[in-house]
Every structure is written in C-alpha cells, then in structure tokens.
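Since the structure comes first, as structure tokens, the remarks are kept for the end.
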Amino acid sequence: MHKNVTIRDVAKRAKTSIATVSYVLNNENRYLRPDLRERVLQAASELGYVKNAAASSLKGKRRGILAILVAQFGNSFFTRMCVEIEAVARREGYIVTICNSDDDPKQELIILERLLAQRIDGCILTPAMSSRDNAILLQRHKVPFVVLERSLKELSPFYDFVGHDNFNSGYLATKRLLEAGHTNIAFMGWDSPIPDVRERVDGYSAALREHGIEKDSYIILLDELSPAAGHRMARKLPLPAITAVVLGHHELAKGALSYFQQEGVCWPKDVSVVLIGTPEWNEMLYPCLTCIQRPEKEMGYTAASLLFEKMRNPNWENVQKIFPCNVVEGGSVRNLLSGG
C-alpha cells in the first residue's frame, strides 16, 4: 500500500527538524536561512508532500475550502452565480465544493452534515424550499455562511443575505407591457412555497393595480416548475382575449413558447411576451424576448466577498443586500399605442 508522505519524511530528506519544515511549509514569519528554506521546499517537492488540511483544521487553521450549496444546479441563474463565487474564492486562495440539493431539504441536510464533517471554512447556501432548519445547523457549528437568493425571514436579521428584488422583477415585466398599451395581461409562474418566488406575482398585481385595472381582470396561472407545466398553462390562456403574458420563469417559458409555435401563435403579433430571466437560448429566438435581467454576476461576487469579510472579521455585523433588476429589450412586445 502506498504510504502517505509526512512532514517527518520531509524533515529527514532535508536534514533538518520537523519544526523547521513546519515553519517553511506554513509560510510562518520566522527567520530562516534562504538555503535552508530552499532545501525544505526541494525535499517536499521531490517526495510529493501534500499538506494534510484536515489535520491543520484540527489545530485551528483554515483548510482553504468553501462550499456552495444550491437548490437547482441545472438552473443557469444559479450556475452563473457559482462561476463568480468560484472566481473570488480562487483569488483568495480557496477551492470550492459545489453541491446540489435538488430543492430537497432532506438531501440538503445530508450534504451539509457531510460538509461539516469535512470541516469547511465557510458556506454559501441557497436553501431548499427556503427551509431554515439546515441554516440553523451552520449557525450551531459556527461555520460562517451567506444565504443566497432565497431569504429566511425567520432567521432575520441574524444572517447575511444576498438576493435580487423578486417583487420588482414581476412589477417591471408587467409595467413594460402596460406602457406599450396592453391591459389584458396574464402571468404564468411557478406554484412554489418559496416566499421570494411568490413576490413576482405580487409585483404583477401591483403594476396592474397602479394602472387602475380591477382585480377581477387579473389572470394568474401557477403550476410546477417544468416545461410541461408551461405548455399546460399556455393552453389555458384565453387568446386572443389577452394580448400579453409575463413568463415568470425560463423553465416554464420553454413549454409556453413551444405551445405558441405549435399553434402558430406569433410573438409579438399575436401575443406580447416578457420573460423574467435571461436564459442563453433566448438569443436563438427570432425575435428574441424582452427580458427582466437579474444581476447574477454581481450577486455571486457580493456573496463571496461578504463571506470572506465575515471570515476575517470576528465582530462582523450581518448584511442584507438586495439587488434591483432591469429590462433588457427584445422584439417580443408589440406597442399597441402606436398601432404597431
């Protein structure tokens, strides 16, 4: 069986003490002759020595490992943020373990327990179904963490949070259609228990209410999160009585747009569309959709930066950072005011 190279082996090869090898490999600020330092590094390289991060963590040192636990890794919204988090961690000299809970709190708990056993230095968590129980586990083990995108109102303000304004995303999408003269507007979204997701419907309703449209005229369709559900909801749309639709999630949008194409319903001629989110496939549509852009890069960068600041500062005070959204114009909104 292959024997792991130890610090004792390095000391023997370099013909020096174990303490000296430890000083060199841990880059401690002690005076050592340059030739001795070089001899230790040469011996470590020749033997293929790898520092035992788990042993170091038992001595109170950091392992240099962060965890990102997301609820939907296949969702490009989350993967874009992961890319930014990993870039910040790499600059700080850390590696990142990315895990996917599939929006299952039980699976999330299993993953967190294993990550805690590995003595991670910090965690960025998108809670499965916005359950707070597993975030409490991180608090109990005194692992610094930042909650990303899905707020846990029961814990507030005792945790750090980075997210985007879901209410604003629904509001801006609906307002864009109202400004183009549409008043019969439907909303298609995810029937989710997650409060942040449901705020998109609230934003839709608020925009219509501001425009003087009665609640009886609101058309809100909610279903599970899948293209098949989007297809089902699109079949229920009372076309041509409605002239516009807000698509609340890009997974639902896939099914809805597929239904429109099958039925020969063209955007924006037959129905105007605004999508919350900016999936890559939108660039392949003609015309491409007008979208509500959420600042994934800024959110990922901020979450990682906050985590490192928290790890460095024992007197850290919790931060709640909510980013606004903005409209990215496409060709999917027909302007009824201009007769277009």
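I'd like the full set of residues that are under 28 Å from the mean Cα position of the chain (by Cα) and under 20 Å from GLY181 (Cα atoms), limited to segment 249-274. Passing the criteria: VAL273, VAL274.
The set of residues in segment 172-182 being out of contact with any Gly (no Cβ under 8 Å at 6 or more places or on another chain) and either among the charged types (D, E, K, R) or surrounded by 19 or more Cβ atoms within 10 Å (Cβ to Cβ) (or both) consists of LYS175, ARG176, LEU177, GLU179, ALA180, HIS182. Only one of LEU25, LEU47 is within 18 Å of VAL5 (Cβ to Cβ), at pLDDT 65 or above and in contact with an Asp or Glu (Cβ under 7 Å, 6 or more places away or on another chain); which? So the residue among LEU25, LEU47 that is within 18 Å of VAL5 (Cβ to Cβ), at pLDDT 65 or above and in contact with an Asp or Glu (Cβ under 7 Å, 6 or more places away or on another chain) is LEU47. Tell me yes or no: at least one residue of segment 32-43 is modelled with pLDDT under 85 and either under 24 Å from ALA89 (Cβ atoms) or among the hydroxyl-bearing types (Ser, Thr, Tyr) (or both). No, because not a single residue in segment 32-43 is modelled with pLDDT under 85 and either under 24 Å from ALA89 (Cβ atoms) or among the hydroxyl-bearing types (Ser, Thr, Tyr) (or both). Residues in segment 294-340 that are over 23 Å from LEU69 (Cβ atoms) and among the charged types (D, E, K, R): GLU317, GLU329, ARG334. Restricting SER205, SER131, SER217, SER169 to those that are surrounded by fewer than 15 Cβ atoms within 10 Å (Cβ to Cβ), touching a residue at least 12 places away in the same chain (Cβ under 8 Å) and either outside the structural domain of PHE78 (by TED's automatic domain parsing) or in contact with a helix residue (DSSP H, G or I) (Cβ under 9 Å, 6 or more places away or on another chain) (or both) reduces the list to SER217. Scanning segment 183-193 for any residue that is under 22 Å from PHE73 (Cβ atoms), surrounded by fewer than 21 Cβ atoms within 10 Å (Cβ to Cβ) and not assigned by TED's automatic domain parsing to the domain that holds GLY277 turns up nothing. Name the residue that is surrounded by the fewest Cβ atoms within 10 Å (Cβ to Cβ), counting only residues in segment 238-277 that are without any contact (Cβ under 8 Å) to a residue 60 or more places away in the chain and hydroxyl-bearing (Ser, Thr, Tyr). The qualifying residue surrounded by the fewest Cβ atoms within 10 Å (Cβ to Cβ) is SER258.
Filter the strands (runs of 3 or more DSSP E) completely within segment 200-291 down to those with at least 1 residues that are over 22 Å from GLY331 (Cβ atoms) and in contact with a Gly (Cβ under 8 Å, 6 or more places away or on another chain).
Fully inside segment 200-291 and qualifying: 219-223.
If only residues of segment 304-339 that are part of a loop (DSSP other than H, G, I, E, B) and among the acidic types (Asp, Glu) are counted, the one that is surrounded by the fewest Cβ atoms within 10 Å (Cβ to Cβ) is GLU317. The set of residues in segment 103-155 being touching an Asp or Glu at 6+ places or on another chain (Cβ under 6 Å), modelled with pLDDT of 85 or more and basic (Lys, Arg) consists of ARG150 alone.
The values are calculated or read from the model by the stated rules, or taken from the named source; none is laboratory data. Remember, predicted model here, so these are calculated numbers, not experimental data. Note that each Cβ is placed from the backbone with ideal geometry, even for glycine, and that neighbours are counted across all protein chains shown.
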